[in-house]
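Have a look at the structure below, then the notes.
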Amino acid sequence: MPTHLINSINLYYELINPDSTKATLVFFNGVMASASSWKDQVDVFKKLGYKILIHDLRGQLKSDKPQGPYSFVQHAHDSVELMKACGIDKAHLIGTSYGGEVALSIGIHFSEVVQSISVINSVSELDQTLIRFVSSWKMMAQTYDGELFFRGMLPGVYHPTYLEKNKDLLDLRAKQFASIPKDYFDGQIALYDTFMSDLNLTPYLHRIQVPVLIVAGEDDVLKPRRFSDIMANAMPHAQYALIPQCGHVTIFEKPEVLASLLCGFILNQIN
């Protein structure tokens, strides 16, 4: 399993099309996910010949899980150091949910490595509803019961139509989650604590001067569109796309629509 030792921890990564002379894209996962969650989007850009870095943040499935909570600046620094270790000076950043918030943190604190940022179903601040959602995930993670955890988080992240159409698939994944390693939940707890204690990006978003694409699911109940409105109004070069009949997990629920949006935005920056 490929890892780099970054800031005293091992970060899992994959570098795709490493010899490409085209632009580089760096993907940032949602909190519960791993690098493989980006397959639909990565396949599109791989075929176009772009260099791609996918990785797990500290605390995520295939990377080390030191005791938390962490900080978003720490995540940002980890990722920038990983980029350097992979020979990447500048990149287009693409992040969903927690990963989008890490990408914004890089834009705020390490602007020299950023060409553009795409944030999907992300926020720059918290409210009590969001905190209560994440608190409930933490309580489920503390049971170390993978199937209970997976089934418990489903209603808050997927659109009802997706849940209905993919019932068998999600039931299978819930059963598979029963055997997930115990340390996965230790990492999740650290990441949830980080999110609830450290996320406060709105006052600093004006520092991001690169082009930004904000993508929101119209029916996202976890991170509703009003959070995307806040970000769009705070960044001077933001574009905003709202996807109808879509919940929180756009990368799975509407992969073709998302790929089209990302391609259009990023290719416009490159050209």
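Springs between alpha-carbon pairs under 10 angstrom, Gaussian network model over the chain: which of 17, 29, 166 fluctuates most?
Taking springs between Cα atoms under 10 Å, the residue moving most is 166.
By a straight-distance test (C-alpha under 25 Å), which lysines pair with residue 254 as possible cross-link partners, with residues fewer than eight away in the same chain excluded?
Once the sequence-local lysines are set aside, what remains near residue 254 is 39, 46, 47, 51, 165, 167, 175, 223.
Which FRET efficiency value, to the nearest 0.05, is calculated for residue 163 and residue 136 with the Förster distance at 25 angstrom and r the Cβ-Cβ distance?
Between residue 163 and residue 136 the formula returns 0.90.
Relative contact order (percent) for the chain, with alpha-carbon contacts under 8 angstrom and 6 or more residues of separation?
20 percent.
Could you compute the net charge surrounding residue 131? Neighbours are other residues with a C-beta less than 13 Å from the C-beta of residue 131; K and R count +1, D and E count -1. Mind showing how you got there, number by number?
Working: positive: 132, 138, 223; negative: 125, 127, 193, 198.
Overall, the nearby charge balance is -1.
Can you give the charge dipole size of the range 6-112 about its Cα centre, rounded to the nearest 20 debye, using +1 on the beta carbon of Lys and Arg and -1 on the beta carbon of Asp and Glu?
On the way: 10 positive and 11 negative charges, 38 e Å.
Roughly 180 debye for the range 6-112.
For the chain, what does the helix formula give at 222 nm: sum of -39500 (n - 2.57) over DSSP H segments with n ≥ 4, over the residue count, nearest 500 deg cm²/dmol?
-14000 deg cm²/dmol
Could you tell me whether the chain comes out rounded, prolate or oblate from its Cα gyration tensor? Rule is a ≥ b ≥ c as square roots of the eigenvalues, rounded for a/c under 1.5, then prolate if a/b exceeds b/c, otherwise oblate.
Values: a/c = 1.33, a/b = 1.20, b/c = 1.11.
Cα axes put the chain in the rounded bin.
What length, rounded to one decimal in nm, is gained on full extension from residue 183 through to residue 147, with 0.36 nm per residue of separation minus their alpha-carbon distance?
11.4 nm
Sort the range 151-211 into rounded, prolate or oblate with this rule: let a ≥ b ≥ c be the square roots of the eigenvalues of the Cα gyration tensor; rounded if a/c is under 1.5, and if a/c is not under 1.5, prolate when a/b is larger than b/c, oblate otherwise.
It comes out oblate by the Cα gyration axes.
Return the sequence-ordered ³J(HN,Hα) values of the range 28-44 in whole Hz as given by the Karplus equation 6.51 cos²θ - 1.76 cosθ + 1.60 applied to θ = phi - 60°, using x for Gly and Pro.
Once θ is set to phi - 60°, the couplings for the range 28-44 become 10, 6, x, 4, 8, 9, 10, 4, 5, 5, 8, 3, 4, 6, 4, 4, 4 Hz.
Set Lys and Arg Cβ to +1 and Asp and Glu Cβ to -1, take the dipole of the range 81-161 about its Cα centre, and tell me which of 158, 91, 134 lies farthest positive.
Going by the charge dipole, the pick is 158.
Determine the sum of side-chain charges near residue 259: Lys and Arg each +1, Asp and Glu each -1, restricted to other residues whose C-beta is under 13 angstrom from that of residue 259.
Neighbourhood net charge equals 0.
Read-outs throughout are calculated quantities, based only on the coordinates presented, and are distinct from any laboratory measurement. These numbers come from a predicted model, not from an experiment. For neighbour counting, all protein chains shown are included, and Cβ atoms are generated from backbone atoms with ideal geometry for every residue, glycine included.
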